[in-house]
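Inspection log for the structure reproduced underneath, given as structure tokens.
The values are calculated or read from the model by the stated rules, or taken from the named source; none is laboratory data. Since this is a predicted model, take the numbers as computed values, not measurements. FYI the Cβ positions are ideal-geometry reconstructions off the backbone, even for glycines, and counts take in every protein chain you see. Accessible surface is based on the protein model in full, side chains and every heavy atom, while ligands, DNA and RNA are left aside. Shrake-Rupley method; radii C 1.70, N 1.55, O 1.52, S 1.80 Å.
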Amino acid sequence: MPEENIDEIIQEILSEEKKVEEGSEEEVIPPEELYECPVCHHQVYEDAKFCPYCYAVFEEDVDYKMLIETLIKKLKFMIPLARELKIPMGKINQDIKEAKKYAANNDYPTGYTHLQEAYYTLIKSIVDEYKKEMEKYEIMMGLNADIRSMYTKASEYLEDWDIENFVKVFNEMREKATALSRDLKAYLEKLESVENALEIAKGFGIDVSKSINVVDTSKDMADARKYQEAVKVLNEALTPIKDEIQEKMQAFLKMVKEEVMRATYSGNSNAKSIIKLVRELKFYWDEGNLVKVLEKMDEINKEMSK
Ligand SMILES: [Zn+2]
């Protein structure tokens, strides 16, 4: 291979590398252009006139009126949140009042000073409170990929003191987490009742292995955090043994009938409660609720052995 060709190829490879770098590195600011805000310790541009996080002023020639307007907008959003989070507002309200007084007299720098003080105190308390709130959801991260990514995003917004975006993502995450724990709870309750019904079925001599396979499928779904689907599967867990349940139930009811007749004859008060339970059993059988059917069979059994 001639040598110039090698040079060409190397050149092509190098130009590819440049493209790779351009594609992967999005707007990386060289560290020498950043410095730490002495007030809130966020990284800010060296030539910034004020801190975009805590609104501390670095250069005296800033537009104080504009800063006041920005801070008022931010405070308007934050005050209802502070109320919700039960943050004490005494000193903050005092500073806002002072700021209004100076601004009304066109003394914007002094007005700004009070307003920035109010803002800084409030945002620090809000961030601290929300950090505590976030801890409650840390455990949910492992349960769901959506929650995990929302948690990460919310944490980033909180670090940047971007309360508006934080609250949006945080509320979304909270809703999702609530729904998920509700679904999990529903699944666990369903699982418990199905497993209990299978124990009863076994007691009646029914082979429940087909149903156990269905329960295992639902457990796999629950492991994959698909709780709603898992509940749907559990709803059908007893279907494969329906015929057997029916067969045992018929034999059982024949026995119950004899028992009721005997109890009525001998003046035993059990008869009444057994009849009530049989009526309930019929209702659930007509409804196709096999879990409840088995529960009622169990209750009747217990009532008869009293
Ligand atoms: Zn700052």
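For the reader, a short list of remarks on this structure follows.
- Distance (nanometres) between label positions extended 7 Å along Cα→Cβ at M261 and M141: 6.9
- For region 241-306: rounded, prolate or oblate by the Cα gyration tensor [a/c cutoff 1.5]: prolate
- Relative contact order of the chain, pairs being alpha-carbon contacts under 8 Å that are 6 or more residues apart, as %: 9
- Spin-label model distance (nm) - K272 vs K219, 7 Å beyond Cα toward Cβ: 4.4
- To put it simply, the accessible area of the chain at a 1.4 Å probe is 51 percent carbon and sulfur.
- Accessible surface calculations at 1.4 Å, restricted to protein heavy atoms, place the chain at 64 Å² per residue.
- The solvent-accessible area of H41, taken with every protein chain present and a 1.4 Å probe, is close to 110 Å².
- Calculated from the alpha-carbon coordinates, the chain shows an Rg and a Dmax of 34.7, 114 Å respectively.
- Where labels lie 7 Å past Cα in the beta-carbon direction, separation of L34 and E60 in nm: 3.1
- Förster radius 45 Å - calculated FRET efficiency between D128 and E192 (Cβ-Cβ, nearest 0.05): 0.65
- D146 accessible area, assembled protein chains, probe 1.4 Å, Å²: 80
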